[in-house]
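Okay, so here's the structure we're looking at.
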Amino acid sequence: MPSQAGQLHDVSPAPALPGPDAVLLDLIGRTREELADILRTLGEPERTRRMRVRQIWHWLYHRGVSDVAQMSTLPVDLRDRLTQLCVVTRPAVVAEQCSADGTRKWLLRVAEGREIETVHIPEVDRGALCISSQVGCSLTCSFCHTGTMPLVSNLDARQILGQILTARDRLGEWPSPRGPRLLSHIVVMGMGEPLLNYEATVRALRIAMDPDGLAFPARKVTLSTSGVVPKIETLGRELGVGLAVSLHAVRDELRDELVPINRRWPIAQLLDACRAYPAADRITFEYVMLDGVNDSDADARELVRLIRGIPAKVNLIPFNPWPGAHYRCSPPARIRAFAAIVARAGYASPVRTPRGRDILAACGQLKTASERPRGSQRPGRAAA
């Protein structure tokens, strides 16, 4: 049975032999051990099981197939058995927009009534994919459009990976190229707070970073957090990916307003976690420039004082407007003056060039119409 984009399938790790009403199992997002369990259930001999897992992995994450029947190196009888039990899904592409600057935004349906946005940002010699980890967000950052949405649900590993697979589909980048890529970097910086969906996010990134499949090296993967302090050290120890910290203010009273999670983990605790991050040489502090709010020379000098000793860079982000926003972007001259103070202190302080503003695809502009299901329609916690 071929896969159907956006269709929900069970992703629990314990398969059962198919019956007349069996729920099909999605192969995407499963570990090698879980794939081996499926093959064992289907009667694949132990002596060939590991080889078959390697073949399936190659087809899923190097060749990018979306149908078990396309896995031509598997024996025909095994393909038939897998087809009866398993599918390979993608999110449904509801809409695609292309900005004047080449940025592409996809509205993806991951389940009935649940949609996310994923953005591809091309450069001359690289391309970054900004992926989401949740439908909506619970953090209510006051300058962020996504923060005006409720948290509808966490994404499971299959749905997080599905964004990468769909982008590769749309960019025509299968099999995984060994040289330059249109999609070379992953940034977990879309909708949601990834460290509040830690297990599914890490499971998906482990698969994305696997050298036998999608093969994104750790130095080309960045995770952005608003400051879930207890998970920061764990992330560095388990994955060692780049860390982007949404700082945006240098005083707790202001950050409490801009990034309300600061009330739980204030600036001092957040910076202590950054200093202890095992991959501290790959930390970026993100700082959105808000006119008259956080953009004074005094703010710049305090920022330098706060991060002293952390081998980081500071990304200055011109505020990207969205309907109903209460903030304005700092004037260009004010941003340049702020950047100069940071740079004189020895920190790289690039000003991010807004990308995809005309299609609401820039930083802080993502939002969908998904709503939290009510009563009996509310889904259970997604399994990874």
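Read the figures in this text as sums done on the coordinates, not as results from a lab. Please read all numbers here as calculations on a predicted model, not as lab measurements. Cβ placement follows ideal geometry from the backbone for every residue including glycine, while neighbour counts extend to all protein chains displayed.
State the dimensionless ratio Rg/Rh of region 242-364 (Rg: radius of gyration of Cα atoms; Rh: Kirkwood radius).
Dividing the radius of gyration by the Kirkwood radius yields 0.95.
For region 330-340, what does the Karplus curve 6.51 cos²θ - 1.76 cosθ + 1.60, with θ = phi - 60°, yield as ³J(HN,Hα) per residue in whole Hz, taken in order and with x for Gly and Pro?
4, x, x, 5, 5, 5, 5, 5, 4, 4, 5
Order of Arg54, Arg30 from fewest to most other C-beta atoms within 10 Å?
Final ranking by Cβ density, sparse to dense: Arg54, Arg30.
Enumerate the calculated ³J(HN,Hα) couplings along region 46-58 in order (Karplus 6.51 cos²θ - 1.76 cosθ + 1.60, θ = phi - 60°), each rounded to whole Hz, writing x wherever the residue is Gly or Pro.
Couplings: 4, 5, 10, 5, 4, 5, 5, 4, 4, 5, 4, 4, 4 Hz.
If we count other beta carbons within 10 Å of each Cβ, what is the order of Cys141, Cys130, fewest first?
On the way: Cys141 23, Cys130 28.
With the sparsest Cβ surroundings first, the list reads Cys141, Cys130.
Can you list residues from other chains, or at least 5 along the same chain, whose modelled amide H is less than 5 Å from the amide H of Tyr347?
Residues meeting the criterion, in which the H sits 1.01 Å from N, do not exist here.
What ranking do 201-208, 92-99 get when scored by the average of other Cβ atoms within 10 Å per residue, highest first?
201-208, 92-99
So, in nm, how far is label Arg251 from label Trp174 when the simple model puts each one 7 Å beyond its Cα toward the Cβ?
It is 5.4 nm.
For Arg32 and Ser138, what does the FRET efficiency come to when R0 = 41 Å and r is the distance between their Cβ atoms, rounded to the nearest 0.05? It would help to have the intermediate numbers written out before the result.
Working: r = 33 Å, r/R0 = 0.80.
Result of the calculation: an efficiency of 0.80.
For region 31-128, what D do you get in µm² per second when you plug the Kirkwood radius from alpha-carbon pairs into Stokes-Einstein at 37 °C and 0.692 mPa s?
The diffusion coefficient I find is 205 µm²/s.
Given Cβ point charges of +1 (Lys, Arg) and -1 (Asp, Glu) and nothing else, what value in debye, to the nearest 20, does the dipole of the chain about its Cα centre take?
It works out to roughly 600 debye.
Between Arg301 and Asp281, what is the label-to-label distance in nm when each label sits 7 Å out along the Cα-to-Cβ direction?
The modelled label-to-label distance comes out at 3.3 nm.
For the chain, what is the relative contact order in percent, using Cα pairs closer than 8 Å and at least 6 residues apart in sequence?
On the way: 785 pairs, mean separation 62.0, N = 384.
Relative contact order comes out at 16 percent.
Counting only DSSP beta bridges with both residues in the chain, tell me the antiparallel percent, nearest 5.
45 percent
Before rounding to the nearest 500, sum -39500 (n - 2.57) across all DSSP H runs of length at least 4 in the chain and divide by the residue total; then give [θ] at 222 nm in deg cm²/dmol. Each step should come with its number before you reach the end.
Details: 10 runs with 110 residues, N = 384.
Estimated from H runs of four or more residues: -8500 deg cm²/dmol.
For region 25-87, what class follows from the C-alpha gyration tensor (a ≥ b ≥ c being the square roots of its eigenvalues): rounded when a/c is under 1.5, otherwise prolate if a/b is larger than b/c, else oblate?
rounded
Would you mind ranking Trp59, Trp174 so that the residue whose beta carbon has the fewest other beta carbons within 10 Å leads the list?
If I rank by nearby Cβ atoms, fewest first, I get Trp174, Trp59.
Under the Karplus relation 6.51 cos²θ - 1.76 cosθ + 1.60, θ = phi - 60°, what is the ordered set of whole-Hz ³J(HN,Hα) values for region 260-271, x standing for Gly and Pro?
x, 5, 4, 5, 8, 10, x, 4, 4, 5, 4, 6
Given H placed on each backbone N at 1.01 Å, which residues far from Asp101 in sequence or on other chains put an amide H within less than 5 Å of it?
Gly356
Can you give the three extents of the C-alpha atoms in region 92-377 along their principal axes, from longest to shortest, in whole Å?
48, 43, 38 Å, listed from the longest principal axis down.
In nm, give the distance between the simple-model label positions of His62 and Ala343, each being 7 Å from the Cα along the Cα-to-Cβ direction.
Output for this residue pair reads 4.5 nm.
Mind listing the long-range amide H neighbours of Val94? Cut-off is under 5 Å, sequence gap 5 or more, other chains count too, H placed in the peptide plane at 1.01 Å from N.
Leu107, Leu108, Arg109
In degrees, nearest 10, range 0 to 90: what is the angle between the Cα axis of helix 76-85 and the longest Cα principal axis of the chain?
60 degrees
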